[in-house]
Amino acid sequence: MSYRDLREFITAVERLGALRRIDGADPRFELGGITEVAAGTPECPALLFDSIKGFRQGFRVFTNATTSPQRAAVALGLHPALRPLDALKAWMAKRQTLVMQKPVMVKDAAVLENSMSGDAVDLEKFPAPYWHMKDGGPYIGSGSVVVMRDPDTGWINASTYRVQVHTRYKVTIQFDHPGRHGAIIAKKYWDQGKACPVAVVNGPDPALFIAGFEYLPTEASEYDFAGAIKGAPLEVFEGPASGLPLPARSEIILEGELLPITQETLPEGPFGEFTGYYAAAKRPCPVMVVNAIHHRNNPILLGSPPMKPPRFHFGLPFRAAGIWSNLESAGVTDVVGVWQHVAQLMTVVALKQRYDGHAKRAGLIAAANRYMGRLVVVVDDDVDPSNLADVMWAITTRCEPSEQVDIVRNAWSSALDPRIPPQDKARGVTSHSKLIIEACRPFAWINQFPPTSALTQEEARAIEEKWGGVLRRARPEKSNG
């Protein structure tokens, strides 16, 4: 299922039966609430909101775009029928062979169907939601891509940062910390006493959204990476107000300047984080003065708000793929799968044990490479690491806590960690401990461990392939006649 833009992706999602259309939602808390409730259901559908309260019909919001493994696979150009772990394996293989596609410049851009500039700029025209009950304001940018140009090298960076609306023509862009590529670029302009040209792309196609949150090295192009995912170059045009190359088929684009923080800041946040908590109160944040807005007819804002775990913005755990690669690079053999649950805060490694200490070695490496997550579980190769019920079965039947649990202290975490005491955060302490659970059959007597009565993964897959259609078929409703 290929797509050129967000609209074609939505069409693909609807063909899969995974889209729900919702009219009349209030953008103040209700739209975000519906998004979170839907993401927590077994179906986890994508949502397209229209006729939003207080806004013109046709000004829409699309949420839960890639929260399921199936839709994440479609966004990555993979087959939607792949099982979750197979889809992650397929992405890892594709990732290694991606051929970068440089963007192509076009004259006609769909996003220029409507434009406003100067005094006509009005951000209040768009249904930017209040996503969580205690958010500090409406956020037009939760699934947006911020585009900037390095003044020294000309490198175009397109990364995902949150964007809060403050007035009809002012927004703030939150970079998280000064090491972000966007913050580094902005500071180069500010050090010269200049404002930084910037554009906010709202409603990018999913490939560019993925490129925006993927960890790419400095000077790597998110545009090239997005083209590689789709197998076709991204179409861009020169922004009339910023001069930046901008995605031609995106839905809404804000162009303007990011003012030096010595000139102006505005209080940003608070904003609900992916942990399911608020991490900070209002903080001064750089201000973007919006000089121009462009949008397609009946524009669609892509919303990807952080939600209470296990809900997460992407249905395939990219960081698990990274840990899998770390294990292989360290010489840990026979890893058959790595997955992450609870918004990537729990990592599960599945392997075929070859020697005593094999599982412990894998667990320690996974823990060392897991940002924020407190829990690492190692399971045998007959357990599906993407199936949390399967993992819990292994924990409750194969792990003896007095023998197979370890705690690693002073490990890698973040200021977003809600469990780190405020006084420690104030001192700059952002470490925590990690629990490693070996939920494997003890290697010393692995051959004497009771045999399982359950189907093997291969046997279950064969049953599903033969009978899955019947098992998933909806039962007809009984007639009242």
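The residues in the range 43-71 that are under 19 Å from the mean Cα position of the chain (by Cα) and outside any helix (DSSP H, G or I) can be counted, and the count is 14. Filtered by the rule that a residue be open to solvent by less than 50 Å² (accessible area, probe 1.4 Å) and in a helix (DSSP H, G or I), the range 1-33 gives Leu6, Phe9, Ile10, Ala12, Val13, Leu31, Gly32, Gly33. Criterion applied to Pro305, Pro260, Pro286, Pro270 was being open to solvent by less than 40 Å² (accessible area, probe 1.4 Å) and under 25 Å from Ser51 (Cβ atoms), and the one residue passing it is Pro305.
Of the set (1) touching a residue at least 40 places away in the same chain (Cβ under 8 Å); (2) among the β-branched types (Val, Ile, Thr); (3) in contact with a helix residue (DSSP H, G or I) (Cβ under 6 Å, 6 or more places away or on another chain), all apply to Val335 but (1). Only one of the numbered conditions (1) in a helix (DSSP H, G or I); (2) crowded, with 19+ Cβ neighbours inside 10 Å is violated by Ile173, and that is (1).
In the range 203-220, how many residues are out of contact with any Pro (no Cβ under 8 Å at 6 or more places or on another chain) and either within 22 Å of Leu258 (Cβ to Cβ) or of a type outside the set (A, V, I, L, M, F, W, C) (or both)? Selection size over the range 203-220: 11. The residue pairs whose first member lies in the range 46-63 and is under 14 Å from Arg296 (Cα atoms) and touching a residue at least 12 places away in the same chain (Cβ under 8 Å), whose second member is open to solvent by less than 10 Å² (accessible area, probe 1.4 Å) and β-branched (Val, Ile, Thr), and whose beta carbons are closer than 8 Å, counting only pairs six or more residues apart or on different chains, are Phe59/Ile52; Arg60/Ile52; Arg60/Ile300; Val61/Ile52; Val61/Ile300. Number of residues in the range 167-194 that are over 21 Å from the mean Cα position of the chain (by Cα), more than 12 Å from Pro286 (Cα to Cα) and in contact (Cβ under 8 Å) with a residue 24 or more places away in the chain equals 9. Quick one: Ile252 ticks every box in (1) closer than 27 Å to Phe9 by Cα; (2) among the β-branched types (Val, Ile, Thr); (3) open to solvent by 10 Å² or more (accessible area, probe 1.4 Å) except a single one, so which number is it? Just one mismatch for Ile252, condition (3). When the residues of the range 35-66 are filtered to those that are among the β-branched types (Val, Ile, Thr) and surrounded by fewer than 23 Cβ atoms within 10 Å (Cβ to Cβ), the one that is farthest from Leu85 (Cα to Cα) is Val37. The single condition from (1) outside any loop (DSSP other than H, G, I, E, B); (2) at pLDDT 95 or above; (3) open to solvent by less than 20 Å² (accessible area, probe 1.4 Å) that Gly212 fails is (2). Selection of the range 281-307 for residues being basic (Lys, Arg) and modelled with pLDDT under 95 yields Lys282, Arg283. Looking only at the range 324-339, which residues are touching a Phe, Trp or Tyr at 6+ places or on another chain (Cβ under 9 Å), under 14 Å from Gly363 (Cβ atoms) and open to solvent by less than 10 Å² (accessible area, probe 1.4 Å)? Across the range 324-339, the qualifying residue is only Val338. In the range 74-88, the residue that is surrounded by the most Cβ atoms within 10 Å (Cβ to Cβ) out of those that are in a helix (DSSP H, G or I) and in contact (Cβ under 8 Å) with a residue 12 or more places away in the chain is Leu88. The requirement of being aromatic (Phe, Trp, Tyr) and under 31 Å from the mean Cα position of the chain (by Cα) is satisfied by Trp412.
Considering the range 356-419, the qualifying helices (runs of 4 or more DSSP H), each wholly inside and each with 3 or more residues that are buried (at least 17 other Cβ atoms within 10 Å of the Cβ), run over 358-368, 388-398. Is it true that Pro286 is more than 16 Å from Pro206 (Cβ to Cβ) and out of contact with any helix residue (DSSP H, G or I) (no Cβ under 7 Å at 6 or more places or on another chain)? Judged against the criteria, Pro286 is not a match. Within the range 450-473, the set of residues being closer than 16 Å to Trp393 by Cα and part of a helix (DSSP H, G or I) comprises just one member, Gln457. Answer yes if at least one residue in the range 218-241 is in contact (Cβ under 8 Å) with a residue 24 or more places away in the chain, under 28 Å from Tyr130 (Cα atoms) and polar (S, T, N, Q), and no otherwise. Scanning the range 218-241, I find no residue that is in contact (Cβ under 8 Å) with a residue 24 or more places away in the chain, under 28 Å from Tyr130 (Cα atoms) and polar (S, T, N, Q), so the answer is no. For the range 141-161, a tally of residues being buried (at least 24 other Cβ atoms within 10 Å of the Cβ) and in a strand (DSSP E or B) returns 6.
State whether one or more residues within the range 345-368 are at pLDDT 95 or above, among the aromatic types (Phe, Trp, Tyr) and touching a Pro at 6+ places or on another chain (Cβ under 6 Å). No, that holds for no residue.
Within the range 108-122, at least one residue is open to solvent by 20 Å² or more (accessible area, probe 1.4 Å), closer than 19 Å to Pro247 by Cβ and part of a loop (DSSP other than H, G, I, E, B).
The values are calculated or read from the model by the stated rules, or taken from the named source; none is laboratory data. Just so it is clear, the model here is predicted, and its values are computed rather than measured. In this analysis, Cβ positions are derived from the backbone assuming ideal geometry, glycine residues included, and neighbour counts consider all displayed protein chains. Protein only, heavy atoms only, side chains kept; ligands, DNA and RNA dropped before computing areas. Shrake-Rupley method; radii C 1.70, N 1.55, O 1.52, S 1.80 Å.
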